[in-house]
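Working notes, beginning with the structure itself.
Values quoted throughout were computed directly from the atomic coordinates according to the rules given, and no laboratory measurement underlies them. Quantities reported herein were computed from a predicted structural model and do not represent experimental measurements. Ideal geometry is used to build each Cβ from the backbone, glycine not excepted, and the neighbour counts take in all protein chains shown.
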Amino acid sequence: MQIGNVLRELGLALFLIVVFFGGLVGGILVAVTVNPWLGYLIEYATAAIILGILAARKNRNYWAWALIGGLVLVPGLIVLMFFGYLCPKCHGDLSTRQWQDRTCPVCGVIG
């Protein structure tokens, strides 16, 4: 994986972490003022959406990564950042160059 791509993914991840902390603050405010369980639900949902979106960008299972994101956001981001892309047809691993060129060594050209 090239350093530029890692930095781009890291920048997006950092932006989404900022969004997460916005959801965290909102969840804390709701937990203090309304209901603690509702606040936890807001925090969980925010983390789940963030990691699910990042996983879907790499053709990975949105729901599985959303579950991971709700439980452990930061370790999930680190692991996902170093995972490569998957071919949408055969679900084989692709290098960054193959993803950019839209070519799969197994299937050929990607949609």
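Rounded to the nearest 0.05, what FRET efficiency do residue 29 and residue 56 give with R0 = 35 Å and r taken as the Cβ-Cβ distance? Could you check?
0.75
Arrange the following residues from fewest to most other Cβ atoms within 10 Å of their Cβ: 21, 83.
Arranged by neighbour count, lowest to highest, 21, 83 become 21, 83.
Show me, for region 94-100, the HN-Hα J-couplings you get by feeding each phi into the Karplus relation (A = 6.51, B = -1.76, C = 1.60, θ = phi - 60°), rounded to Hz, glycine and proline as x.
Couplings: 10, 6, 4, 5, 5, 5, 5 Hz.
Looking at the chain, which longest stretch skips every one of the trypsin sites (Lys or Arg not before Pro) that is in a DSSP loop with at most 14 other Cβ atoms within 10 Å, leaving the sites themselves out?
Longest stretch, sites excluded: 1-88.
Along the charge dipole of the chain, Cβ charges K/R +1 and D/E -1, which of 46, 108, 35 sits furthest on the positive end?
Towards the positive end, the residue furthest out is 108.
Mind telling me which of 67, 14, 54 comes out most flexible in a GNM of the chain, alpha-carbon contacts under 10 Å?
14
Modelled label-to-label distance, residue 15 and residue 67, 7 Å Cα→beta-carbon offset: nm?
Computed distance between label sites residue 15 and residue 67 equals 2.9 nm.
Multiply the residue separation of residue 81 and residue 109 by 0.36 nm, subtract the distance between their alpha-carbon atoms, and state the gained length in nm to one decimal.
Extra length from residue 81 to residue 109 when fully extended: 7.6 nm.
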